[in-house]
Amino acid sequence: MNYIKLLNAAFEKFYFDDRLNPTHISLYMALFQEWNSSRFIDEFYVNRRDLMRVAKIGSKSTYHRCIKELDAWDYLSYFPSNNPYKGSKIKMSIIGTSDEPDMGRYNPTLEQLAEQYHPIREPLVGQHHPTNGQVVYQHRPIGGQALVSTINNTKQENNIKQPKGWQAVFDFFIEKSFDADEAKKFFAHYETHNWQTSDGKEIRDWRALAKNWMDRTELFNQENKSNLKQASQIKDNLRTTKNKDYGQPL
């Protein structure tokens, strides 16, 4: 797993998900750090008290609500434990598009080749330091500068900012088992707005935006059904009959 790639994908999803609040993100980051410490194992166990302390959550009810919502929104899978001596089990979701190549896995062969190409302990031939004449390699960190590989972070952003026509949107919605009519609405809406957000910013990933559209649609449909059911119950309670027997005692 590539730490930076996973974290960037998570932040990108946070950007388009309006259901999240700071507590959700704080808890997710605490879980992500546990996942990273476990070397991105498939499943790991957590301690609620430790997570609440790291995520700065002071209420048990807030913790349980947030972790259940993260589970419902497919950020992770949560398996609660009723055993006080055994923590709950967590399985983190791999966030990102399925059509991106998996370039984040550790490959010892590539690392050995890279070591041979740029040996760490061999003298460097590069630029001279302007003050003391020390040889400095231009691609090494200087003065605390963080060295971050750009190989795994290179993205073909032009391929994800906008879909390649209506058919790409239709196929994506069908792949997610969603109604084609919603695909038409989604495409028409953002095509009209030149694939920009409401504040005029350019869309970074239309697939992430489409997933958020689907989540909002499902939530709206659920709330609509609940409101209709409540209205029906109120209507039944107010129903009266004209056949009244005024001779019965009160």
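The values are calculated or read from the model by the stated rules, or taken from the named source; none is laboratory data. This one's a predicted model, so the numbers in the text were calculated from it and none came from an experiment. Cβ placement follows ideal geometry from the backbone for every residue including glycine, while neighbour counts extend to all protein chains displayed. In case anyone asks, the SASA skips ligands and DNA or RNA and just uses the protein heavy atoms, side chains included. Shrake-Rupley method; radii C 1.70, N 1.55, O 1.52, S 1.80 Å.
Residues in region 1-47 that are out of contact with any Gly (no Cβ under 8 Å at 6 or more places or on another chain) and of a type in the set (Lys, Arg): Lys13, Arg19, Arg39.
Residues of region 178-192 that are loosely packed, with under 13 Cβ neighbours inside 10 Å, more than 16 Å from Arg216 (Cβ to Cβ) and not aliphatic (A, V, I, L, M): Thr192 alone.
Looking only at residues of region 1-48 that are touching a residue at least 24 places away in the same chain (Cβ under 8 Å) and among the small types (Gly, Ala, Ser), we find that the one that is farthest from Asn82 (Cα to Cα) is Ala9.
Within region 4-16, is even one residue farther than 23 Å from Phe220 by Cα and open to solvent by 90 Å² or more (accessible area, probe 1.4 Å)? There is at least one residue in region 4-16 that is farther than 23 Å from Phe220 by Cα and open to solvent by 90 Å² or more (accessible area, probe 1.4 Å). Is one or more of the residues making up region 78-98 in a helix (DSSP H, G or I) and in contact (Cβ under 8 Å) with a residue 40 or more places away in the chain? No, region 78-98 contains no residue that is in a helix (DSSP H, G or I) and in contact (Cβ under 8 Å) with a residue 40 or more places away in the chain. Screening region 153-177 for residues that are assigned to a helix (DSSP H, G or I) and at pLDDT below 80 and picking the one that is least open to solvent (accessible area, probe 1.4 Å) gives Ile160.
Arg105 fulfils the conditions (1) exposed (fewer than 13 other Cβ atoms within 10 Å of the Cβ); (2) modelled with pLDDT of 90 or more; (3) basic (Lys, Arg); (4) within 30 Å of Glu175 (Cα to Cα) except for a single criterion, (2).
Which members of region 50-65 meet the condition of being closer than 17 Å to Leu20 by Cα and either over 23 Å from the mean Cα position of the chain (by Cα) or open to solvent by 90 Å² or more (accessible area, probe 1.4 Å) (or both)?
Initial filter on region 50-65 (closer than 17 Å to Leu20 by Cα): 55-57, 61-65.
Scanning region 50-65 gives Lys56, Arg65.
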